[in-house]
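Accompanying notes for the structure given below.
Readers should treat all values here as calculations from the given coordinates under stated rules, not as data from a laboratory. Just so it is clear, the structure is predicted and the values come from calculations on it, not from any experiment. Glycine also receives a Cβ, built like all others from the backbone with ideal geometry; neighbour counts cover every protein chain displayed.
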Amino acid sequence: MSLLQVEEIDVFYKDAQALRQVSLRVEEGEIVSLVGGNGAGKSTLLRTISGLLHPKAGRILFSGSAIEGMPPHRIVEMGLVQVPEARRLFPFMTVQENLELGSYNHQARAKTKETMERVFEILPILRERKKQVVRSLSGGEQQMLAVGRGLMAGPRLLMLDEPSLGLAPMVVQELFALMARIKEEGVTILLVEQDVRRALKSADRGYAMDRGQIIMEGKGQELLEDPRIKVAYLGI
C-alpha cells in the first residue's frame, strides 16, 4: 500500500475546474517531484491533499485512511505536513518561536525539545540564529526555517511547494542537499518545484502536470531524458 494515494480527483474553484481526474502515488521513503508550468495545478493539488481544498470527486488516502474532507489540523496530526510557497513565517517572532509553533499538534508538542534538537542537527544555521527575529534572516535562511518548522510537526510525508523560488543558485544547491538528508532521516517528500532539472534529478519518481491533469509519469531520470520534458521545460 502506498503512503499517499490520490485517486482521480476533481477540484473546482467555484465553477472553474482546476484539477481533472488527477491520480498519483507516493511510496514510503521516496522523493517524488511534481513539475509543470505556472497554472498547471501543482499547488492546487498540494492544497487539496492538505485539506485546504476539497475534491468534488475522487479519493485521497494517506497510510490507507481516506483524508479527503478531513480538516487540515487532523491531516497534520496523521503525519502529512505541507511547507507552503512563500514560506508563511511569522516575521516579528524569533527563529525558535517559529519552530515551536510547528509542533502545535498534541503528538508533536510532547516531543518539542527532542525534535528541535534534531532540526538543529540537520540545520545548524537555525541553532546559530535561534534568538534572531525572522525578518532579519536572508531569504535562504528563511526557507531553511520554513522546512525546519515543517519538520517540527513530526511528518511522515513532507510536501514542499516551490522551495527554491527566488533563491540564489548556491542556496538552491544547499536546499536540495537538505532534502536528501531529510529523506535519509526517514521522511518521505513530495516536491513541487520550478527547477525541473534539479527536481527530476533528485527524485525517485516524477509527475508532469498541464492544465490540471497529469500528462506524464515515470522515474525521475527517465522523465529528465524524455524529449517532451526537454522541449517543454528545459529549452532543449
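Provide the FRET efficiency to the nearest 0.05 for the Leu165-Leu52 pair, computing r from the beta carbons and using R0 = 22 Å.
Details: r = 19 Å, r/R0 = 0.86.
The pair Leu165/Leu52 has a calculated efficiency of 0.70.
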Partner aspartates and glutamates whose C-alpha sits under 13 Å from that of Lys219, ignoring same-chain residues fewer than 8 away, are Glu27, Glu30, Asp204
Any lysines whose Cα falls less than 16 Å from that of Lys56, other than same-chain ones fewer than 8 residues away, would be Lys14
Note on region 99-236: contact order normalised by length, alpha-carbon pairs under 8 Å, 6 or more apart, percent, works out to 19 percent
Comparing Met70, Met170, Met93 in a Gaussian network model of the chain (Cα, 10 Å), the one with the largest mean-square fluctuation is Met170
Dipole check, the chain, charges on Cβ (K,R +1; D,E -1), about Cα centroid: among Leu224, Met93, Ala146 the Cα furthest to the positive pole belongs to Met93
Shape descriptor, region 89-135: equivalent ellipsoid semi-axes (Cα gyration tensor, sqrt 5λ, whole Å, largest first) stand at 18, 14, 6
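With +1 on each Lys and Arg Cβ and -1 on each Asp and Glu Cβ, and nothing else charged, work out how big the dipole of the chain is about its Cα centre, in Debye to the nearest 20. Walk me through the numbers before you get to the answer.
Details: 31 positive and 30 negative charges, 103 e Å.
So the magnitude is around 500 debye.
For the chain, what is the per residue volume of the convex hull drawn over the alpha-carbon atoms, in cubic angstrom? Working shown, then result.
On the way: hull volume 28.0 nm³, N = 236.
About 119 Å³ per residue, rounded to a whole number.
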